[in-house]
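The values are calculated or read from the model by the stated rules, or taken from the named source; none is laboratory data. Predicted, not measured: the structure shown is a model, and the values here were computed from it. Because the Cβ atoms are built from the backbone with ideal geometry, glycine has one as well, and the counts that use them run over all protein chains shown. Please note that ligands, DNA and RNA were not included when accessible areas were found on the heavy atoms of the full protein model with its side chains. Shrake-Rupley method; radii C 1.70, N 1.55, O 1.52, S 1.80 Å.
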Amino acid sequence: MDGPQGARSQGAKILPLRRGAPKGVAAGSPRTRIQPPAHAWALVADEMVRSEHELIALLGSRVEQVAEIGRYLARSGGKRIRPLLTVLGARACGVGGDLSRLMSVGEMIHLASLLHDDVVDSAPTRRGEPAAHMVHGNALVILSGDYCLARAVLLAAEEGGHECVRHLAQAVAAMSEGEVLQLQRAGRLDTSLEDYLQIIEAKSAALISWCAAAGAHILEDEHLASRMEAFGRSVGVAFQVTDDVLDYGGELAQTGKEPGADLMDRKLTLPLLYAFEATPGLQTRLEERPPTREELPELLEIVHDSGALERSLAYARDLVDVGIDQLSPLPDTPYKQALIDLATYLAERAS
Ligand code: FPP
Ligand code: MG
């Protein structure tokens, strides 16, 4: 069976291609700016503030150069989606007590992975600022990333216990595999949808999935944990698909990136895959040689006109619905509703 409905009935990890998705779905237009659900944040505002303080403390070090990278990370901002998902997921599962330290775990791992990723990608900028390795050099940045990773694992062990840290290690292993798979496929325009989904599920969704399930791991409730993981996995893949759409449609001021960077790199993501399906000759044209800067506006227009962005966003929204279905056994609480709203936002955000 085709599409996310099929994925729902099979409980499939990798979701099949959604053909014939509606074009021109207005609500998720890539140029629409949608704010994070403020009420979801407000519900756990005290813990979000405490968790931010924990994060800043965790980024500190006795070694000045490591502390300097920590200050760079603390300044670099971010929407703190992972702490929010961690606390809402745990509360929705009925976990009580102070979670502010546990909430920092996913964000620390995320920040560490971005330090490493910008070295791997030789990225000159991150969020509109020079990337850390451009300022501090590769060696210091890689080692500081290792430091953040180790501190996060320690924290997960202290705050969450055995199951929590075991699943976190699995998530980090998946992220590393995803990053390697992506590297292997770099510049390969014949990448299939399945390959693309495998990569983003590993490099992006694994950590989001862990955040959603961290509370269930504390409870050592395997059944609940696998549902929360499945929810997080769907939301995580949808989040990355939206990110890949933003690469084609996001304004520089919102994303800190020039639109079309993936196209210039000939990086196969869902929007380009759908654009190939809709535009005869486009794949061959890009396979022949990389586009020039002059060609970029025309190519961006081709992708926009193909309906590929709307189709990708529709895919992400359907995926979020698949994820939300996993939450059905949870009691109806404000935390569950906030989780649903956050998941919906993540598939529709514009920055
Ligand atoms: C961004 O991808 C990168 C990731 C989502 C994960 C990177 C994972 C690792 C480096 C392995 C794990 C390492 C540690 C230290 C936990 P992207 O390059 O597509 O996105 P971008 O445009 O934001 O750079
Ligand atoms: Mg990168």
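Residues in region 297-351 that are of a type in the set (Asp, Glu), in a helix (DSSP H, G or I) and surrounded by fewer than 20 Cβ atoms within 10 Å (Cβ to Cβ): 6 in all. Scanning region 110-119 for any residue that is more than 17 Å from the chain's Cα centre (by Cα), within 14 Å of ligand 1 (Cβ to nearest atom) and open to solvent by less than 50 Å² (accessible area, probe 1.4 Å) turns up at least one such residue.
Are any of the residues in region 133-142 within 18 Å of the chain's Cα centre (by Cα), more than 8 Å from ligand 1 (Cβ to nearest atom), in contact (Cβ under 8 Å) with a residue 12 or more places away in the chain and on the phi < 0 side of the Ramachandran plot? No, region 133-142 contains no residue that is within 18 Å of the chain's Cα centre (by Cα), more than 8 Å from ligand 1 (Cβ to nearest atom), in contact (Cβ under 8 Å) with a residue 12 or more places away in the chain and on the phi < 0 side of the Ramachandran plot. Residue pairs whose Cβ atoms lie under 7 Å apart, separated by 6 or more positions or on different chains, with the first residue in region 103-124 and more than 9 Å from ligand 2 (Cβ to nearest atom) and the second among the hydroxyl-bearing types (Ser, Thr, Tyr), are Met103/Ser51; Met103/Thr86; Ser104/Ser51; Gly106/Thr86; Leu115/Ser144.
Among the residues in region 57-69, are any under 26 Å from Leu219 (Cα atoms), of a type outside the set (Asp, Glu) and within 16 Å of ligand 1 (Cβ to nearest atom)? Let's see the steps before the verdict.
Initial filter on region 57-69 (under 26 Å from Leu219 (Cα atoms)): 58.
Restricting the remaining residues to those that are of a type outside the set (Asp, Glu) gives 58.
When the remaining residues are screened for being within 16 Å of ligand 1 (Cβ to nearest atom), the result is 58.
Checking region 57-69: at least one residue is under 26 Å from Leu219 (Cα atoms), of a type outside the set (Asp, Glu) and within 16 Å of ligand 1 (Cβ to nearest atom).
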